[in-house]
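Chemist: Would you mind keeping the following structure in view while I ask a few things?
Bear in mind these aren't lab numbers, they're just calculated from the coordinates by the rules spelled out. Worth saying up front: this structure is predicted, and the values here are computed from it rather than measured. Reconstructed Cβ throughout: ideal geometry from the backbone, glycine too, with neighbour counts over all protein chains shown.
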Amino acid sequence: YSPLELKSLKEKILEKYSDTEEKKKSPEEKIEKKAREEEPAPPMSKKKASLLFLSPFPYPWYVTLLKNKIYTNWSPPSKFSILQEGAFSAFSFRIFKDGSIEKIRLKESSNVEILDQSARKSIEMIRDLPSLPDDWKEEYLDVTVRFSIEE
């Protein structure tokens, strides 16, 4: 065998092993892996979306997935259209067991209509959120998101 053939054999073994390991993972682990793979690229403008949960929520993979969806959907206005330094808006919403989102409410306005609208739209655009984890005992999860644009 030439080194090239050995390398390709080694790669084939690693691929087969990783496929077997992938099949053993729970649905939550698969979603968590997908969430990490879908992490957004570093932004051109420094947009920031911070999540706050009113109840302790011990599922970091779900938080990452939710944050990535909001972040990907959010097209904030340019910094130049926001004359107010440190402007931010905060929205609350409820995620039900089936992953549906309702009760989107503006909790704190930035006083910059275009920023508030873009933030709300990023939540409204979420369509394919997975169900809350099976062992989450509550019927819903209340979430607050703070949207800001930083220098």
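Chemist: Taking 1 over the mean of 1/r across every pair of different Cα atoms in region 49-151, what Kirkwood radius in Å do you get?
Modeler: Here the Kirkwood hydrodynamic radius works out to 14.1 Å.
Chemist: Which distance in nm do the two modelled labels at residue 50 and residue 131 give, with both placed 7 Å along the Cα-to-Cβ direction?
Modeler: Spacing of the two 7 Å Cα→Cβ label points: 3.4 nm.
Chemist: What is the calculated FRET efficiency for residue 142 to residue 117, with r their C-beta to C-beta distance and R₀ = 22 Å, to the nearest 0.05?
Modeler: The calculated FRET efficiency here is 0.50.
Chemist: Expected output is a single nm value to one decimal: the length gained when fully extending between residue 107 and residue 72, i.e. 0.36 nm times separation in residues minus the C-alpha distance. What is it?
Modeler: Working: separation 35, 0.36 × 35 = 12.60 nm, distance 2.15 nm.
This chain segment gains 10.4 nm when fully extended.
Chemist: If you don't mind, there's one more thing I want to ask. For region 86-146, how big is Rg over Rh, using alpha carbon atoms and the Kirkwood form of Rh? If you can, show how the numbers build up before the last one.
Modeler: Details: Rg = 12.9 Å, Rh = 12.3 Å.
A ratio of 1.04.
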